[in-house]
Structure formats: C-alpha cells, structure tokens
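The values are calculated or read from the model by the stated rules, or taken from the named source; none is laboratory data. Keep in mind that what you see is a predicted model, and the values were worked out from it rather than measured. Using ideal geometry, Cβ is built from the backbone for each residue, glycine included, and neighbour counts are taken over all protein chains shown. Keep in mind that these areas ignore ligands, DNA and RNA; they rest on the heavy atoms of the full protein, side chains included. Shrake-Rupley method; radii C 1.70, N 1.55, O 1.52, S 1.80 Å.
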Amino acid sequence: MPRPPWLRLFALGLGLVATIVAGGTVHGKSIFGWTERVKLVDADMTLEAKLDTGAETSSLHAPDPEPFEKDGEDWVRFEVADDDGNEHTFERPVERTIRIRSASGVTERYVVELALCVGTVERTKEINLADREELSTRMLVGRNFMAGEILVDPGDEFTRDPACDDGDDREEDDDSEDDDDAEDDGDEDDDG
C-alpha cells in the first residue's frame, strides 16, 4: 500500500525538530532560553541574565559608577556582584554615554566594553551600566551581543552554563556608535 505524501513531510519535519533539539543550533546559530547564566570573562564571575531581543544594547547592574580621568581619558569604576553576593571592581574606559527613555523618565548611562560568555559564544561588546535593582535579573543581554550568533527560545531557560575558552579568539566589538548623545529606547525591560 502506498504511503500518503503528507506522511513523508511529517517524518521529515520530525527529523528536523529532532536535529534542532539535539544540536541546539539552527543555521549555525546557538539556541538559548530567555534566561541564561552569563559569565563576565575578565572577572570569572557568573550572573543570571535575561536575553532580550527587544533591547539594542546589553545592560549590567552597576548602580554607583564612579567617573575618573586616566591618561587624559574618561574612565569609570564600578562594582558588580554575582548571584552569590561576591563582588568585583572593574575599571574601564568610557566608550560613550547614552540617554535612556523609560516610563520613569530619562537617565544617562555610561557605556563600556566587556567580554561576555553565553554557552560557548564569547564576545566583547558595549554594555551600559544601570541600576537594575528593581528588575528580575542583574544583567540584560541585548541584540548587540546576540546578533548573528544566538536565537532565543522564549519557552526555555538555563539551557547550558557558560563554557568559553581563555578568550584568545574573542570577537571584538566593531559596532560602536560615534554619537555620544545617542538615545536607546529599547533597553529598559518590564520584567518584574
């Protein structure tokens, strides 16, 4: 008895789904859940983060950044605590400042470059420093980090721990903006 054509398509679809689930990749892009553990590479520190395709830039909880000058350039010092309360102090050059519009008004934030690791994806990208105390995660990973590498499954979370190498092949940020007064509307999240 001949097989109906829809049965072949159904079997093909099941095979595709099994391949995607088993490998965790589609078209060379890794699939992650909407919440993942992210490693701040330079501090060997791991934080819970929201992967937010609606936010242009990534954002890190650093509520009291201290600006200072070093070798004639603007720098910022900030502290970050991991999920266990362990703290690390960073000092980074200020790449630019941005204004963020949200329901509570307009705030200005420092933007620095940091190396992050999500699964096996490691990149150095721009991250704005914010007070995220009232939000559900200390970090938000935006499109500037995920573009071309990561797909987000909103029905999944904590799919794998960070597992990057020593960073010798780390991708550097090449998408910084020259406008020091750029506005970034998509950075605030409503998670609670």
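A few notes on this one:
- Solvent-accessible ranking of R101, R109, largest area first, probe 1.4 Å: R101, R109
- Proximity of backbone amide H atoms, modeled 1.01 Å from N, is registered between D156 and W34 at under 5 Å, excluding neighbours fewer than 5 places apart on the same chain.
- Here the 3J(HN,Hα) profile of the range 43-59, calculated from phi with Karplus coefficients 6.51, -1.76 and 1.60 at θ = phi - 60°, is 10, 6, 10, 10, 10, 7, 9, 8, 8, 10, 6, x, 9, 5, 10, 6, 9 Hz, Gly and Pro shown as x.
- Along each principal axis, Cα extent of the range 107-146, largest first, Å: 31, 21, 14
- Other-chain or far-sequence residues with amide H under 5 Å of E95's (modelled H): V111, V112, E113
- Ordered from largest to smallest accessible area (heavy atoms of protein chains, 1.4 Å probe), the residues W34, W75 come out as W34, W75.
- Proximity of backbone amide H atoms, modeled 1.01 Å from N, is registered between D161 and no other residue at under 5 Å, excluding neighbours fewer than 5 places apart on the same chain.
- Protection-proxy order for peptides 110-120, 63-73, each taking the mean of Cβ atoms within 10 Å per residue, highest first: 110-120, 63-73
- Across the range 68-78, rounded Karplus estimates of 3J(HN,Hα) from the backbone phi angles (6.51 cos²θ - 1.76 cosθ + 1.60, θ = phi - 60°) give 7, 10, 9, 6, x, 10, 7, 10, 9, 10, 8 Hz, Gly and Pro being marked x.
- Where H61, H88, H27 fall by accessible area, highest first, once all protein chains stay in place (1.4 Å): H27, H88, H61
- Solvent-free Debye scattering, log10 I(q)/I(0), computed from the Cα coordinates of the range 54-155 at q = 0.21 Å⁻¹: -1.25
- 20 Å Cα-Cα reach of K29 towards lysines, excluding residues that sit fewer than 8 places from it in its own chain: K39, K50, K125
- Remark: spin-label model distance E133-R99 equals 2.5 nm, labels positioned 7 Å along the Cα→Cβ axis.
- With all protein chains modelled, accessible area of T159 [1.4 Å, Å²]: 50 Å²
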